[in-house]
Ligand code: NAD
Ligand code: UFG
C-alpha cells in the first residue's frame, strides 16, 4: 500500500527533522523541501539512521516561484503540507527586515498558490508565541488578543497567519492550522539529530550547552530583576519530540475529518513556566556540570513571563506533553556532545 505523502517545507531544520522522524515512524512518506539556508543535507542520513529510511530532500528556494511550482508539480499527490520554512532569528530580523519579509512572506505566498493550484487540502503552519507579545493575563489561550509585533520576525508570523486564514475563508485552501509554539528545546533521544544554530546562539538552551562544552566562556542571564519567583524571566519550554508528536496529532486531526473549524489556531507548550535559573539548575542537576553564568542587564525586547494554556491541544488533538524540563536539558546536552565529539560539527 502506498504511504500518504506529506511535504515538509524547511524540513531539514531543527523542528522539521524531528517531525520527519515522527511522521515516518507513523507510516507517512515525507518529502523535505529546503534551500538549506539554515540547515545541512546530511540530516537526511541521520533521519535514515533513526527510522531506517532516508526521506527525499528536494533542494528548493521557496521564494523562487518557478522552482517552487516545479517542485509542487512533482509532489501534487501530497495529502498535506507542514510549512516550517522561515528565517527565525528575532535580532537578525530587526537588522535585516526586508530579507525577513521577503523570505517569510514570499515563500508563504508560493506555498499557498501551489496548494491552491494542486488542490492539496491540508496545511499546518509553524507560528509562534511571539504573536502574543507580553499578554496581560497568564497563561495565554488562543483567544488572548495579539499584541503589535515586537520584531519583523514576529510581524511575519502574524502576517502569515492572516494570509492563511484569508486563503481558507476564500476557499482557495480547504483547511489549515496555525500551531503557536512556545519555546522548543531538546533533541531526539538517540542524540543523532538536534538543534545546531549557526554562530553565536541567541536562544538559551544552545547557549547553555555551548558554554558547558567550552565553546562559550560564560552564559549571560538577561535580567535578574523581573517580577518572578527568582527575578529571571519565565518561558514555557517544550521538548522538541513532544512538539513533533503534536504535528502528527494535528495532521491526523485534519486527515480523519475531525477538524471542525476550517482555520484553527492551537497553542503548543507544556502549560508550565520555568525561569532561566530553573533551566540552569535542571541542566546542572542532570549533567553534574557547574555552569559558568552571570546575571546581567535585561535583553531589550524580552517579555518578563509567558506560558501557554494548552487545554485546546489536549481537547482537539488528544495530545499531552510527555517530557519534563530535566529530559529537555539532558537530551540537549547529549546532542551537543554527540554533534561536537562524534559528528565533528
Ligand atoms: P530552522 O532554521 O532549524 O528550520 C527552518 C528551515 O527552513 C531551515 O532548514 C532553512 O534552511 C529552511 N528555509 C528557510 N527559508 C527557506 C526558503 N526560502 N526556502 C526553503 N527553505 C527555507 O528553524 P526551526 O527552529 O526548525 O523552526 C521551524 C519553524 O518554527 C520556523 O517557521 C520558525 O519560525 C518556527 N518557530 C520556531 C521556534 C524556535 O524557537 N525554534 C519557535 C516558534 C516558532
Ligand atoms: N536568555 C538568557 N541568556 C541567553 C539567551 C536567553 O538569559 O543567552 C533568556 C532570555 O532573556 C529569555 C529566556 O532566556 O528570558 C528565553 O530566551 P530565548 O532566546 O531562548 O527564547 P525567547 O523566548 O526569547 O524566544 C523564542 C524564539 C522566538 C520565538 C519565541 C516565542 O527564539 O523565535 O521563543 O515562541 F518567537
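Since every read-out is calculated from the coordinates, none of them should be taken as a lab result. The shown structure was predicted, so the numbers you read here are calculated from the model rather than taken from an experiment. Glycine also receives a Cβ, built like all others from the backbone with ideal geometry; neighbour counts cover every protein chain displayed.
Any chance you could give the angle, 0 to 90 degrees and rounded to 10, that helix 325-337 forms with the longest Cα principal axis of the chain? So the helix axis and the longest Cα principal axis differ by about 80 degrees. The ranking of 338, 181, 100 from fewest to most other beta carbons within 10 Å of each one's beta carbon is 338, 181, 100.
In this label model, residue 99 and residue 118 are separated by 2.9 nm, measuring between points 7 Å along each Cα→Cβ vector.
Applying 1/(1 + (r/R0)^6) with R0 = 35 Å to the Cβ-Cβ distance of residue 318 and residue 170, what FRET efficiency is obtained, to the nearest 0.05?
That gives a FRET efficiency of 0.70.
Between residue 337 and residue 311, the distance separating the two model label sites (each 7 Å from Cα on the Cα→Cβ line) works out to 4.2 nm. Counting only DSSP beta bridges with both residues in the chain, what percent are antiparallel, rounded to the nearest 5? If we restrict to bridges inside the chain, about 5 percent are antiparallel. Would you please classify the overall shape of the stretch 1-124 from the alpha carbon gyration tensor, given that a ≥ b ≥ c denote the square roots of the eigenvalues, rounded means a/c under 1.5, and beyond that prolate means a/b larger than b/c while oblate covers the rest? Oblate, because a/c is 1.5 or more while a/b does not exceed b/c. Is the stretch 267-345 rounded, prolate or oblate when judged by the Cα gyration tensor, a ≥ b ≥ c being the square roots of its eigenvalues, rounded requiring a/c under 1.5 and prolate requiring a/b larger than b/c? In terms of gyration-tensor shape, oblate.
Axis of helix 152-169 versus longest Cα principal axis of the chain: the two differ by about 30°, to the nearest ten degrees.
Diffusion coefficient of the chain by Stokes-Einstein, Kirkwood radius over Cα pairs, 4 °C, 1.567 mPa s: 64 µm²/s.
When 63, 71 are ordered from fewest to most other Cβ atoms inside 10 Å of their Cβ, what list results?
On the way: 63 18, 71 22.
So the ranking, lowest neighbour count to highest, is 63, 71.
When shorter helices are ignored and each DSSP H run of at least 4 residues is given -39500 (n - 2.57), the per-residue value for the chain at 222 nm works out to -11500 deg cm²/dmol. As a proxy for reagent exposure, 342, 19 were ordered by neighbouring Cβ count within 10 angstrom, fewest first; the result is 342, 19.
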